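See below for the structure under consideration.
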Amino acid sequence: MKLFKLLKNHKCRTVGNVSVEITGLYHKDTEVKDGGLFFCLRGTNVDGTDYVKSAINNGAVAIVTEHEIQNLFRITQIIVKNARETMSQLACEFFGNPARKMKIIGVTGTNGKTTISTMIARGFEFAGKKVGIVGTNGIFISGKRYDAFMTTPDPIVLQFYFSKMLKAKCEYVCMEVSAHALDQGRVNGFKFDLVIFTNLSEDHLDYFKTMERYFEAKAKLFTSNHSKHALINIDDDAGKFLADCINIPFSAYSINEKSSYFASKIKTHEASQEFYFNNNNLFMINMMGRFNVSNALAAIAALRHFGIEMNVVVQAFEKMKPIDGRFNLRVIGGIKIVVDYAHTPDGLENLLKASRELAFQNRLVVVFGCGGNREVQKRPKMGEIASRLANFVIITSDNPRFEKREMIAKDIEKGVTSSNYLIELDRSKAINKAVKMCESGDVVVIAGKGSENYIDENGEKTPYSDFEEIENLGRC
């Protein structure tokens, strides 16, 4: 595509030849290829302009920058106010604005994003629709999985996969929208047909510093610039506040009170739950925890919003399997083992309360750790929650990143309020110890990683899976 065609709808100042052919968009200098357009992005510790010469050497023919760079010859400069925002907009243009030709559903909130977006996608698929999925568990197009290195990919990657979804004749895209993505403008340049707010609890304060800033990032999605219609969980305090100040059409959902969409007569069974949707339709879901009733409610409301027949939605949920890494239940020798991604105080509390229902009068043992180089303040809170709700706690490692496992464990230990705990920094050994101390009927909760297949430590990702550890126990 000629550069001047790419820029035709954008305000900018140019220096140099705007007739050059652009073959690709890049923001990493090492990935640039011949004919590339390189975006000079400013980060916390780096400035993209420092990598311009490297990008040129690798084949860049033009750059997007927030200030003109002197003594750059034989390369076109596009000077803009905000390079990140421009990258999002030009990525849409470069890939032909694929989002305009599909229905895009975005889910944001601290917890529940993966579950809700996957439930919606499975509902559409059951109804015979083609769907794309973008989120923590990966990018899925017609059943084929692609690795996703972020919950919400950068705009170039996102629009590339949108274009692949369109070519695969996807009608709908269900995607998770992180607060980081909203703060960094990764989803600028297109509109969501429907957005969902699940909840807000403590997370990512290493980045946002305050809960107010964290909420403000989430709230950006619920504006006319980004979205056409919203679903809001009014059981959550932040959801209620959002509903009071939103400026786009919205519907509320709740498991506690009557609203646009609500659940009633909730009953819990051995490994499933049932409830009535708006007092009329009986739903059965193969998942535990009241939070999953709330998640299902949001997904049902979304499917109905797009006209999927109620009887089809009911059948879809009856046949729907648990979401990968979200309250996945295995049984070994009568011991119930739950694997879940819960990695926030609120998430862990909800998980353990739901697991207590499985345990009845038996013991509940939890194995968990906290990620390194993330907010330290949540660690003792999670220690307190675990020791309050479980009969025994095993503190272990998660993704230490560049912190020492011992220091993370000590931070968690500060919040523990009972003597019924131990520290085992080897996650495999921790799981083994938890199962060995249990008897038939007891429940072991393994929290924090879910379907993740690695441990991130000292810059390396070592293959690891909680599920594989459980399978190895079953072979013993």
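Observations on the model:
- Residue ID - nearest to L329 (Cα to Cα), chosen from residues in region 434-451 that are surrounded by fewer than 19 Cβ atoms within 10 Å (Cβ to Cβ) and not hydroxyl-bearing (S, T, Y): G441
- Scanning region 247-257 turns up at least one residue that is out of contact with any Leu (no Cβ under 6 Å at 6 or more places or on another chain), over 24 Å from I323 (Cα atoms), of a type in the set (F, W, Y) and assigned to a strand (DSSP E or B).
- Considering residues of region 148-206 that are basic (K, R) and in a loop (DSSP other than H, G, I, E, B) only, the residue surrounded by the fewest Cβ atoms within 10 Å (Cβ to Cβ): K169
- Top-ranked residue in region 401-418 [being in a loop (DSSP other than H, G, I, E, B) and among the β-branched types (V, I, T); ranked as nearest to G383 (Cα to Cα)]: V416
- A residue that is out of contact with any Leu (no Cβ under 6 Å at 6 or more places or on another chain) and closer than 29 Å to D147 by Cα occurs nowhere in region 412-423.
- Among residues of region 267-287 that are in a loop (DSSP other than H, G, I, E, B), those with a beta-carbon under 8 Å from a residue that is surrounded by fewer than 17 Cβ atoms within 10 Å (Cβ to Cβ) and among the basic types (K, R) at least six positions away or on a different chain give the pairs N286/K321.
- Test: residue in region 453-463 that is in a helix (DSSP H, G or I) and assigned by TED's automatic domain parsing to the domain that holds I332: no
- Identity of the residue in region 218-238, in a helix (DSSP H, G or I) and buried (at least 21 other Cβ atoms within 10 Å of the Cβ), that ends up nearest to the chain's Cα centre (by Cα): K218
- Scan of region 421-452 for residues that are within 19 Å of Y341 (Cβ to Cβ) and either hydrophobic (A, V, I, L, M, F, W, C) or outside the structural domain of D346 (by TED's automatic domain parsing) (or both), ordered by number: A430, I431, A434, V443, V444, V445, I446, A447
- Strands (runs of 3 or more DSSP E) completely within region 301-400 that count 2 or more residues being buried (at least 22 other Cβ atoms within 10 Å of the Cβ): 335-340, 364-368, 392-395
Okay, residues lined up against (1) free of Cβ contacts under 8 Å to residues at least 40 places away in the same chain; (2) over 13 Å from G448 (Cβ atoms):
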| residue | (1), (2) |
| --- | --- |
| A359 | no, yes |
| F368 | no, no |
| P380 | yes, yes |
| A386 | yes, no |
| N399 | no, no |
| K404 | yes, yes |
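The values are calculated or read from the model by the stated rules, or taken from the named source; none is laboratory data. Keep in mind that what you see is a predicted model, and the values were worked out from it rather than measured. In this analysis, Cβ positions are derived from the backbone assuming ideal geometry, glycine residues included, and neighbour counts consider all displayed protein chains.
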